[in-house]
Amino acid sequence: MTDPATQTPDREQSLQFQAEVAKLLDIVVHSLYSNPEIFLRELISNASDACDKLRYAAITTPKLLEDGGGTFEIHLSTDKTARTLTIADNGIGMTRDELVANLGTIAKSGTQEFMKSLSGDKAKDVSLIGQFGVGFYSAFMVADKVDVYTRKAGETQGWRWSSDGKGTFSIAAESNVARGAKIVLHLKEDASDYLDKFRLRSIVKTYSDHIAVPVILDPAPGEKVKDGDTEKDASPETLNSASALWMRPKAEITPEQYKEFYHHVGHAFDEPWHTVHFKAEGAIEYTALLFVPSTKPFDLFNPDRKSNVKLYVNRVFISDQLEGLMPRYLRFVRGVVDSSDLPLNISREMLQDNPVLRKIQGGVVKRLLKDLKDRAEKPEEYNKFWDAFGPVMKEGLYEDFERREDLLELARFRSSLHEGWVSLKDYVGRMKEGQDCIYTITGDDAGILKNSPQLEGFMAKGVEVLLLTDPIDEFWGSSVGAYDKKPFKAVAMAADADLAKIKGGDADEKKDDAAGAASEQALKDLIENLKKSLGAAVADVRTTDKLKGSPVCLVADTGGMSLHMARLLKQHGEAGGLAIRKVLEINARHALIKRLMTLSGTAFDDAAALLLDQARIVEGEPVADPVAFAKRLSAMLEKALV
Ligand code: ADP
Ligand code: MG
């Protein structure tokens, strides 16, 4: 505990980890990894990122390199007596505030969301954490105390951060700290093998060979090596290839190396679902090494929807936050694009609307979509991709006009007639004679949609309907218009005439029960009475041929937004005076509707109100007055149960 009076910057200060960090550390130490050696990959990965950041900052501010030099290196060293392993870099380093923010809190919103989602029964979900990893904190798998000595490039004051990973950490000013960061791990009893050179060499080779900064193992103080018969001082040894992986020829890179690079560059922990490595030659030259993850990151639907591909210019890291490099609907793609056709001293601002960058984006996206198309040939594999990223890809349907056709080919949907994912090509191939639209219905759950009364007429004729359950589905439909010249049409918008045109199994049905249908006049009267009785609750009442088994359904009026869309907007607090016209559609051939014609007075009003509430429930709308609904239903049951 610190006395407030002594809180000067050079006094040691004890601080608490953010609650999520404390929880995370607990998981890391007690239940997480079966292979703790990955801590080294994490620390080397961070060191390499820190070097990249300084190299970039120095393009505009060369004097940042004055002390500490412009040659970037990562040094590993061991001390068997002190039982420490040290990882030191001469990268950008951290200020005191950055130390607190980066090592005392969880900066990544995805991780934060994940930690919040871990409820009491956490063991079940803990395996998921491996998908995005724990970065720096993995050090506590092998160390019972970690010291970080760091000095930010361009600053004179250095700092020491220390923690045993149990709830608090301390920070103190420190003199004689070199530029960059030096992580000293006080190894646990059972972690002695990380003092062993062979072990370190093999871990670095396995996980960090692709790191472009040299990882150098320093000899222990006084360490000797045999040279023939004589002994001489051991010399430092570079453990990795230290060249940019993406610039190496494809034939020389193993799948393992690609995977490790993906883990580093994507801050990811799963297998890549797809890896694409190519060099574009021509007017603009660039190399791209890109990965599609196999699992969905937690922050996929963050509002900022930012891209995750890193831009390099001649192997110098420029930015991983560029608007122009990747379209947003491909924000799940990880990797690197390196071009020599952009000026090195370009600022991130200048890159926002850069024609060269735009051309690169065009090429990269074209290639990715082509690869996806190829992989769609194998549906079992492709469906896994679509499961994870389909909802994001569909954003492209209204954002990327140019590639709409390609994206429609790639899109998959749930269907009323087939299990699993269905492509539009399949759908169109199965369209019925006389059918000229692609029918869709939107809602939250495919299973429920499948049983919607609105589909009854379509089901009876064997007409397939696409069940759209992603929020995004409400948005692209109107802007896409058509696929293969067949317009998309919501079933709620389909007129009876649409359905009548389609040849299907029950062509004779209408004739049959036409005999039992009520007279035109009786129907007209019923509609008038329903309108009067229901008042402002519905904008209109009309008959429909789309219903078969159900007496009624509730739809949004033609041209307006769907009821599902209105609910979505409301969930997001955007209901603001949304006037949506709700229409009660009735099935004139249903026995209940015919009975309704014989009622009057309160009996009629109660039945009408119940039918409307039933239609609301089926559609997923709330019942306007649950108490009144329950009362009417009880009264009705009482009469019926004899
Ligand atoms: P990530 O690397 O995915 O951001 P980490 O937990 O590995 O997450 O690291 C957290 C943050 O701490 C980094 O984003 C970086 O800002 C900072 N950091 C970690 N190691 C270093 C280092 N060697 N030099 C400078 N900053 C570092
Ligand atoms: Mg990291």
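The set of residues in region 483-495 that are out of contact with any Cys (no Cβ under 9 Å at 6 or more places or on another chain) and surrounded by fewer than 17 Cβ atoms within 10 Å (Cβ to Cβ) comprises 484, 485, 495. Taken as a whole, the condition of being in contact with a helix residue (DSSP H, G or I) (Cβ under 6 Å, 6 or more places away or on another chain), at pLDDT below 90 and open to solvent by less than 30 Å² (accessible area, probe 1.4 Å) applies to residue 106.
Could you please let me know if residue 62 is more than 16 Å from ligand 2 (Cβ to nearest atom), out of contact with any Phe, Trp or Tyr (no Cβ under 8 Å at 6 or more places or on another chain) and at pLDDT 90 or above?
yes
Restricting attention to region 458-487, the residues that are part of a strand (DSSP E or B) and under 30 Å from the mean Cα position of the chain (by Cα) add up to 7. Those helices (runs of 4 or more DSSP H) of region 397-457 in which 2 or more residues are open to solvent by less than 20 Å² (accessible area, probe 1.4 Å) and either without any contact (Cβ under 8 Å) to a residue 40 or more places away in the chain or under 27 Å from residue 372 (Cα atoms) (or both) occupy 404-410, 424-429. When 168, 150 are checked against the criterion of being within 16 Å of ligand 2 (Cβ to nearest atom) and farther than 30 Å from residue 256 by Cβ, 150 stands alone in meeting it. Listed conditions (1) touching a strand residue (DSSP E or B) at 6+ places or on another chain (Cβ under 7 Å); (2) farther than 21 Å from residue 136 by Cβ are all met by residue 265, apart from (2). Quick check, is residue 280 hydrophobic (A, V, I, L, M, F, W, C) and out of contact with any Phe, Trp or Tyr (no Cβ under 6 Å at 6 or more places or on another chain)? No, not satisfied.
Conditions tested, residue by residue: (1) open to solvent by less than 30 Å² (accessible area, probe 1.4 Å); (2) in contact with a strand residue (DSSP E or B) (Cβ under 6 Å, 6 or more places away or on another chain); (3) in a loop (DSSP other than H, G, I, E, B); (4) outside the structural domain of residue 36 (by TED's automatic domain parsing).
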position	(1), (2), (3), (4)
205	no, no, no, no
210	yes, no, yes, no
213	yes, yes, yes, no
222	no, no, yes, no
225	no, no, no, no
251	no, no, no, yes
259	no, no, no, yes
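Where helices (runs of 4 or more DSSP H) fall entirely within region 542-642, none has at least 2 residues that are open to solvent by less than 30 Å² (accessible area, probe 1.4 Å) and in contact with a Cys (Cβ under 8 Å, 6 or more places away or on another chain).
Assess whether residue 266 counts as being more than 14 Å from the chain's Cα centre (by Cα) and assigned by TED's automatic domain parsing to the domain that holds residue 358. Here the answer is no, as residue 266 does not meet what is asked.
The values are calculated or read from the model by the stated rules, or taken from the named source; none is laboratory data. Quantities reported herein were computed from a predicted structural model and do not represent experimental measurements. We place every Cβ from the backbone using ideal geometry, glycine too, and count neighbours over all the protein chains shown. Side chains are part of the model used for accessible areas, which takes the heavy atoms of the whole protein and leaves out ligands, DNA and RNA. Shrake-Rupley method; radii C 1.70, N 1.55, O 1.52, S 1.80 Å.
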